[in-house]
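Laboratory data are not the source of any read-out in this text; all were calculated from the coordinates shown. Only a predicted model underlies this, so the values are computations on that prediction, with no experimental measurement involved. For neighbour counting, all protein chains shown are included, and Cβ atoms are generated from backbone atoms with ideal geometry for every residue, glycine included.
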Amino acid sequence: PRTEPEIHPGLAGVYADTTAISRVNPDTNSLLYRGYPVQQLADTQSFEAVALLLWNGELPTDDELEWLRVNGRPHRPLRDDVRAALDALPPGAHPMDEIRTAVSVIGAREGEGESLHEGGATREENVARALRLFAALPAIVAYGQRRRHGLAPVPPDESLTYAQNFLWMTHGELPDPVVVDAFNRSMILYAEHSFNASTFTARVIASTLSDLHSAVVGAIGALKGPLHGGANEMVMHVFDEIGTADAVGPWLDAALAEHRKIMGFGHRVYKHGDSRVPTMRAALGALVEHYDRPDLLALYEALEREFVERKGIYPNLDFPSGPAYHLMGFDTPTFTPLFVASRVVGWTAHVLEQQEHNALIRPLAAYDGVPERDVPVSR
Ligand code: CMC
């Protein structure tokens, strides 16, 4: 007898493959990148070193860091073709549409589509492409913000680290070390998170033996949604809507009465708290002190306390990172593109892994439409 297939909506609880890149353990609220706790990496490493760890499996030697510097830094300036494509978009285009377009232009110029019929790129070529993209994204994100504010792009500074240079290209001035440290931590914390929706999208695309930039373009589309990366931007809208800490209670009463989802809370995997939050919350605390904004922290704490009390649902990484990016001087539409600049490392690491032991990702669907029928004769 035929048994009915078991359906897993949203693939919740389904293991689709193995991965050696990161381990999320919701029972202990822990997240490991290649075996290392992400909190320790955020406390001690540069984002560049973590990128090499995720791609290669080990923390880099000095020579490997030098390889990253030599091969990445020439790709920091905003390319003319990318700028022309961005300038051709309508003013007010969504920043995620901008960055998706930019990655598409870069992919076409990399010429990787042309090598598909020859078996596609080698791992080495793909690591080099991942590095070039990683190096090119800050200029695109920074230009997006500057363009919105009528400002000219700022050329990169070769002498600066990734985090320093990103802030430099956004603001045109050298940031305080407190700000650089908070930004570097956020980039490390956002870099990788196992089979989340955007990474899985990238793996689906890679599994057809399509190219690396196509996988990243698809992943950006998945990240854009408010249930995923779009939440960090929405968190800031919530802060703006509430205004001050003493308004949290009545605001929450009304929002929950309307069955609104409160952005920055909840997670598909973590049900007792997100492993990345304490590190980002500490970085937010340092920024609040640096910029003397206790009002923002009061609002953060009041919303966290009251929402957890009422719903028993904990904040995710987007909750502290939203206000942290605000304090760092990023405008709200830039928040999700910042997530892209970081997660591109995880996505590309997963593309490499998918290609190493590829199986086409092609699940089944149980049909529940109308039964078979004949097309009416009169047609
Ligand atoms: N506000 C209000 N209720 C919530 C929230 C929330 N943020 N999150 C979950 N719930 C409720 C939900 O309404 C549901 O209630 P009920 O069982 O009565 O229908 C229950 O909790 C289970 O939620 P779910 O949406 O079915 O769970 P999920 O595992 O599919 O969702 C989630 C995870 C992240 C989509 C969801 O928690 C959510 O929409 N959160 C807000 C958006 C957000 O912050 N996203 C960022 C995710 S983490 C980092 C990232 O990817 O950027």
With N residues in segment 231-327, what two-decimal value do you get for its Cα radius of gyration over 2.2 N^0.38 Å?
1.00
Rg over Rh, two decimals, the chain (C-alpha only, Kirkwood Rh)
0.99
Take the Cα of LEU360, step 7 Å along the line toward its Cβ, and report every residue of segment 188-220 whose backbone nitrogen sits under 12 Å from that point.
207-210
The chain: DSSP helices with Cα axial extent of at least 24 Å and average Kyte-Doolittle hydropathy no lower than -0.5:
123-148, 294-311, 335-356
Under a 5 Å amide H to amide H cut-off, with H placed in plane at 1.01 Å, what residues pair with GLY230 once short-range neighbours are removed?
GLY225
List the residues whose amide H sits under 5 Å from the amide H of PHE265, counting only those 5 or more places along or on another chain, with H placed 1.01 Å from N in the peptide plane.
ASN316
Work out the FRET efficiency for HIS272 and SER378 from their Cβ-Cβ distance, taking R0 = 45 Å, and round it to the nearest 0.05.
0.15
If I build a Gaussian network model for the chain, linking alpha-carbon pairs within less than 10 angstrom, which residue out of ARG129, ARG343, ARG203 has the largest mean-square fluctuation?
ARG129
Within segment 114-197, list the GluC sites (Glu not before Pro) lying in a DSSP loop whose Cβ has at most 14 other Cβ atoms in a 10 Å radius.
GLU158, GLU173
If you rank HIS228, HIS213, HIS350 by fewest surrounding Cβ atoms within 10 Å, what's the result?
HIS228, HIS213, HIS350
Could I have the simple spin-label model distance between THR161 and ASP240, label points 7 Å from Cα toward Cβ, reported in nm to one decimal?
3.1
Based on other C-beta atoms within 10 Å, arrange LYS224, LYS261 from fewest to most.
LYS261, LYS224
Can you list the residues of segment 188-218 with backbone N under 12 Å from a point 7 Å past the Cα of ALA16, pointing along Cα to Cβ?
194-208
For THR208 and LEU174 in the same chain, what is the full-extension length gain: residue separation times 0.36 nm, less their Cα-Cα distance, in nm?
7.9 nm
Need the list of lysines near LYS224 for cross-linking: C-alpha distance under 18 angstrom, and skip anything on the same chain fewer than eight residues off.
LYS261
Sequence-separation-based contact order of the chain, relative, with Cα cut under 8 Å and 6+ spacing, percent:
23
Under the helix-only model (-39500 (n - 2.57) for each DSSP H run of 4 or more, divided by the residues of the chain), the mean residue ellipticity at 222 nm, to 500 deg cm²/dmol, is -18000 deg cm²/dmol
Relative contact order for segment 111-213 using alpha-carbon pairs under 8 Å, separation at least 6, rounded to a whole percent?
30
Once the piece of chain linking THR28 and ASP87 is laid out straight, how much longer is it, given 0.36 nm per residue of separation minus the C-alpha distance between them?
16.6 nm
How far, in nm, would the chain grow between ARG260 and ARG109 when pulled straight, counting 0.36 nm per residue and subtracting the alpha carbon separation?
50.1 nm
